[in-house]
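*Asks:* Got a structure for you, written out below as C-alpha cells; questions coming shortly.
The values are calculated or read from the model by the stated rules, or taken from the named source; none is laboratory data. Everything numeric in this text was worked out from a predicted model, so none of it was measured. Cβ coordinates were reconstructed from backbone atoms using ideal geometry, including for glycine residues, and neighbour counts include every protein chain displayed.
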Amino acid sequence: MKRIIVSGFGGQGVISLGLMLSYAAMKENLNTSFLPSYGPEMRGGTANCSVVISESEVASPVISRPDILVAFNEPSLARFLPKLAEGGRVFAASSAKEEYLAGGNVCVVPVHELCGNNQKGQNIVMLGAVLSQASLSYKSAEEAVREVFKRKPQFVEANLSCLKAGYEFAKGLK
C-alpha cells in the first residue's frame with residue numbers, strides 16, 4: 001500500500017496530479033482512493049490531496065502518515081513533513097529552502113527546468129518523478145495523462161514531454 005499526499009498552492013496542479021496518480025493506479029487494476037482538499041480561494045490558496053494505492057481494498061482515504069509527500073512549496077513541507085512515515089520519501093520542488101531538504105529521503109525535483117519553465121507542466125514533471133516510488137508504470141501514467149487531457153489534445157504532447165522529463169530525472173531512485 002502506498003499513501004501519498006500532494007500539496008501546494010492552488011493553481012499548481014496539485015489536485016490534477018493526485019487524480020492522475022489514481023487514474024494510473026486504476027489502469028493497473030489497483031485499488032485507489034482520491035481525496036482532494038482546498039480552500040474556497042482555490043487559486044493561490046493552499047491545496048492538497050490524499051491518494052491511496054493498494055492491491056487490497058482501501059479502507060479509508062484519510063492519510064495520517066504518508067509514505068510519499070509531494071510538496072510544491074514551503075508551507076506544504078512545514079505542514080506535512082512532520083507526519084511523514086518512517087522511511088518515507090519526499091519529492092520537493094527545487095524552490096524549497098535548505099532547512100526542509102536535509103536527509104536522505106528527499107528528492108529535490110527541478111520542476112521549472114525540467115518542464116522548460118512551463119508553469120503548467122510542473123505537476124506532470126512531479127508525476128513522472130513519483131512513479132517508481134508509487135509502484136506505478138510509466139505506461140499507465142502516460143495513459144492517465146492522455147485521459148485527463150483528451151478534451152484538450154493540443155496539450156497532450158507537451159505534458160507527455162514533462163512526464164518523461166520527470167521520469168528520467170528520478171529513474172535511479174531506490
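*Asks:* Got a sec? Which helices (runs of 4 or more DSSP H) wholly within segment 83-174 have at least 1 residues that are more than 14 Å from the chain's Cα centre (by Cα), of a type outside the set (Ser, Thr, Tyr) and modelled with pLDDT under 95? Walk me through it before giving the result.
*Replies:* Numbers: elements: 111-114, 122-130, 138-148, 156-170.
Here the list reads 111-114, 138-148, 156-170.
*Asks:* Could you grab the pairs with beta carbons closer than 7 Å, sequence gap of 6+ or different chains, first residue in segment 129-156 and over 22 Å from Ala92 (Cβ atoms) and free of Cβ contacts under 8 Å to residues at least 40 places away in the same chain, second one part of a helix (DSSP H, G or I) and of a type outside the set (Val, Ile, Thr)?
*Replies:* Matching pairs, first to second residue: Glu142/Leu160; Glu142/Leu163; Phe149/Phe155; Phe149/Asn159; Val156/Arg146.
*Asks:* Would it be correct to say that Pro66 is more than 10 Å from the chain's Cα centre (by Cα), assigned to a loop (DSSP other than H, G, I, E, B) and in contact (Cβ under 8 Å) with a residue 60 or more places away in the chain?
*Replies:* Yes; evaluated as a whole, the condition is true for this residue.
*Asks:* Collect the residues in segment 53-72 that are surrounded by fewer than 24 Cβ atoms within 10 Å (Cβ to Cβ) and small (Gly, Ala, Ser), keeping them in residue-number order.
*Replies:* Once the filter is applied, which keeps residues that are surrounded by fewer than 24 Cβ atoms within 10 Å (Cβ to Cβ) and small (Gly, Ala, Ser), segment 53-72 yields Ser54, Ser56, Ala59, Ser60, Ser64.
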